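To start, the structure itself, in structure tokens.
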Amino acid sequence: MNPSAPWWKNGIIYQVYPRSFQDSNGDGVGDLQGIIQRLDYLAWLGIDAIWISPIMRSPMVDFGYDVSDYYDIDPLFGTLADFDQLVTEAAVRQIKIVIDLVPNHTSDQHPWFVESRASRENPRRAWYMWADAKPDGSPPNNWLAYFGGSAWTWDAMTEQYYLHLFTPEQPDLNYRNPLVVEAMKGVIRFWLGRGVAGIRVDVIDRLLKDLELRDDPPDPSYVEGVSNPQFKYLRVNSEQHPDVYGLIRELRKTFDEFGDRPIIGEIAYTTDVAKMARCYDDMQGMQLPYNFAMLMLPWDAAVLRDFIDRYDAAVPPGGQPNYVFSNHDQPRIATRYGEAQARVVAMLLLTLRGTPTIYYGDELGMPEADISPELFQDPQGINIGITRDGCRTPMQWDMTPNAGFTNGTPWLPTSPDYLTRNVEAQTNDPASMLALYRRLIALRRATPTLLYGSYRSLDTGVADTLVYLRVLGGVRMCVALNLSERMVSLALRDLGSGRIVASTHLDRTEPVDLGALYLRENEGVVIDLGALA
Ligand code: GLC
């Protein structure tokens with residue numbers, strides 16, 4: 001570790017979806033005391049910080065992404081005292097707490113919105129995005145809500161539409177109003193003052209919309225009935241107004257009042273490295289604009305190499321890259337790539353130059369659960385049929401009923417594979433996914449070259465292989481990944497010889513000649529090449 005580097009440059013973030021991590025009171029929903037009970041596990045795994053999806057007071061229409069009180073914990077999860085206890089107990093284990101802040105919208109139950117919709121004259125009217133109907137009574141423009149239908153809902157009492165990029169129960173705040181900006185700074189100060197080490201900020205680049213409320217243009221790649229209905233239009237006016245960078249700079253100053261605590265920004269999914277680089281904004285914007293490219297690109301070595309090369313080069317000097325392979329909105333890794341390649345993913349994630357985020361349960365290889373439509377909980381699933389429930393099922397701790405997650409009835413069914421796929425079983429199996437994650441995490445933590453070294457990919461001339469060097473002060477590590485199901489042989493003579501220090505397969509720690517390096521099917525290895533003479 002480099003003691004002078006901030007935690008978010010040398011640490012690993014672990015995302016906890018609090019509803020599904022550990023229930024302590026038998027109501028079938030995970031809670032803060034449950035997370036406290038599992039801190040020893042997280043310390044054992046070796047992660048540095050946990051980002052907890054929203055825990056503030058909420059009617060739970062979008063499971064916490066609809067906040068009705070930014071200054072309290074939802075009773076389902078516990079109390080502020082529980083939260084303080086979590087921060088303290090985590091700190092004892094050198095674990096930091098990152099919360100999830102949802103500033104773009106509130107719940108429609110938030111007192112601000114209740115006042116805002118009370119009358120057109122209410123002082124809070126201008127805290128939200130209200131607009132008149134078109135002459136024919138239809139919504140002000142064609143903007144679409146992510147979770148189906150128009151982004152505008154008619155308020156019969158005050159006879160205007162209000163904007164909501166997500167469900168109608170999630171009205172968008174108006175960040176052109178300085179009072180709203182000040183209010184959100186107050187929220188940020190409250191939580192940073194309570195000891196959180198950083199904040200993941202929900203849809204941060206969508207806070208400002210087109211001033212004239214112009215229509216979004218059609219997306220030329222959209223095919224009716226085939227494409228995801230969320231993306232019928234290019235969201236160039238309904239979100240991502242360029243003024244948003246100025247707003248983020250302003251919010252960043254509030255973060256900086258508390259020292260070095262990062263804004264971890266959930267930006268719109270993109271593979272455009274220039275857009276991603278823009279978010280650092282001369283080191284006055286987000287410290288970690290989330291890189292979601294791995295959730296969009298095909299699992300193809302040439303495509304991945306091309307992207308990683310360009311991304312690594314685009315991140316401005318002093319900026320920290322980062323990688324995300326899964327989260328609470330996307331199908332799980334083991335289902336996307338298969339279990340064997342999920343091990344290669346683990347090695348890639350934990351050896352690249354950039355802060356890794358691990359989503360709970362991926363360290364067990366939990367697959368996407370198949371949830372039948374009558375059990376759908378997610379509003380996106382209920383409204384447009386694309387459910388996110390499959391990646392939100394209970395964490396699998398052991399083989400007791402409900403995988404040790406709850407004594408009650410879990411809010412989403414436990415995946416049936418929990419009898420064999422669980423923390424307890426995998427802890428005792430050196431060949432398990434969990435053991436692999438733990439080895440790779442330990443290796444990363446102990447290896448400055450993996451933490452801080454430069455990145456450079458190599459031409460192997462062999463299909464389906466991804467090979468790169470990490471170099472720090474002349475010390476070199478080579479990572480060689482086989483993304484195929486056949487054995488491959490690489491001739492990287494210039495690299496000389498080294499020693500394998502980690503493999504996705506258990507049985508391999510040996511000296512190797514890089515001029516004749518064999519990788520078995522689905523195998524990845526990390527090779528210590530030592531220092532240059
Ligand atoms: C983000 C969250 C997602 C949520 C949405 C609305 O994309 O990750 O879970 O539904 O914002 O807040």
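Observations on the structure shown:
- At R0 = 22 Å, FRET efficiency that the Cβ-Cβ distance of LEU419 and ARG520 yields, to 0.05: 0.15
- Taking the C-alpha atoms only, the angle from helix 339-351 to the longest principal axis of the chain is near 90 degrees.
- 0 to 90° range, to nearest 10: angle between helix 433-446 axis and the chain longest Cα axis: 80 degrees
- Cα→Cβ-extended label distance, 7 Å offset, between VAL471 and LEU375, nm: 5.2 nm
- Alpha-carbon centroids, region 147-198 and region 11-63: separation in whole Å: 24 Å
- As a length-normalised measure over Cα pairs under 8 Å and 6 or more apart, the relative contact order of the chain settles at 12 percent.
- Percent of Cα pairs in region 255-332 per distance bin of 5 Å, from zero to the largest separation: 3, 15, 26, 23, 17, 10, 4, 1, 0.
- Computed over protein heavy atoms with a 1.4 Å probe, the accessible surface of region 111-163 works out to 46 Å² per residue.
- Mean accessible surface per residue for region 430-533, computed with a 1.4 Å probe while every protein chain stays in place, in Å²: 42 Å²
- If R0 is taken as 22 Å, the Cβ-Cβ distance between ALA431 and THR509 corresponds to a FRET efficiency of 0.95.
- Each other residue within a Cβ distance under 11 Å of GLY34 adds +1 if Lys or Arg and -1 if Asp or Glu, for a net charge of -2.
- The convex hull of the Cα atoms of region 453-531, projected and averaged over all directions, covers 4.6 nm².
- Prolate/oblate/rounded label for the chain (Cα gyration tensor, a/c 1.5): prolate
- Carbon/sulfur fraction of accessible area - region 453-531, other protein chains in place, 1.4 Å, %: 48 percent
- The charge dipole of the chain, taken about the Cα centre with unit charges on the Cβ atoms of Lys, Arg (+1) and Asp, Glu (-1), comes to about 1600 debye, rounded to the nearest 20.
- Computed on protein heavy atoms with a 1.4 Å probe, the accessible areas place ASP31, ASP459 in the order ASP459, ASP31, largest first.
- Overall form of region 111-163 per C-alpha gyration tensor (a/c, 1.5; a/b vs b/c): oblate
- Note on surface exposure: LYS96, LYS185, LYS253, LYS9 rank LYS253, LYS96, LYS9, LYS185 by accessible area, highest first, 1.4 Å probe.
- Fraction of the pair-distance distribution of region 271-404 above 17 Å, Cα-Cα pairs, percent: 64 percent
- Distance violations [Cα-Cα > 28 Å] among LYS96/LYS185; LYS134/LYS275; LYS185/LYS232; LYS9/LYS209: LYS134/LYS275; LYS185/LYS232; LYS9/LYS209
- Length released on extending from ASN228 to GLN37, taking residue separation times 0.36 nm less the Cα-Cα span: 64.8 nm
- Signed unit charges on C-beta, dipole axis of region 111-163, positive-most listed residue GLY137, THR158, PRO123: PRO123
- For region 35-179, convex hull volume per residue from C-alpha positions, Å³: 133 Å³
- Note on ALA302 and GLU257: their simple-model spin labels are 5.3 nm apart, each label 7 Å out from Cα toward Cβ.
- Accessible solvent surface per residue of region 179-314, calculated while the other protein chains remain in place, 1.4 angstrom probe, Å²: 41 Å²
- Residue-averaged 222 nm ellipticity for the chain, from DSSP H runs of 4+ at -39500 (n - 2.57), nearest 500: -7000 deg cm²/dmol
- Fraction of antiparallel bridges per DSSP, the chain only, in percent to nearest 5: 65 percent
- Taking all protein chains as they are arranged and a probe of 1.4 Å, the heavy atoms of MET433 leave approximately 10 Å² accessible to solvent.
- FRET efficiency estimate (nearest 0.05) - Cβ-Cβ, ASP219 to LEU80, R0 30 angstrom: 0.10
The values are calculated or read from the model by the stated rules, or taken from the named source; none is laboratory data. All values reported here derive from a predicted model rather than from experimental measurement. In this analysis, Cβ positions are derived from the backbone assuming ideal geometry, glycine residues included, and neighbour counts consider all displayed protein chains. Surface areas here come from the heavy atoms of the whole protein model, side chains and all, with no ligands, DNA or RNA. Shrake-Rupley method; radii C 1.70, N 1.55, O 1.52, S 1.80 Å.
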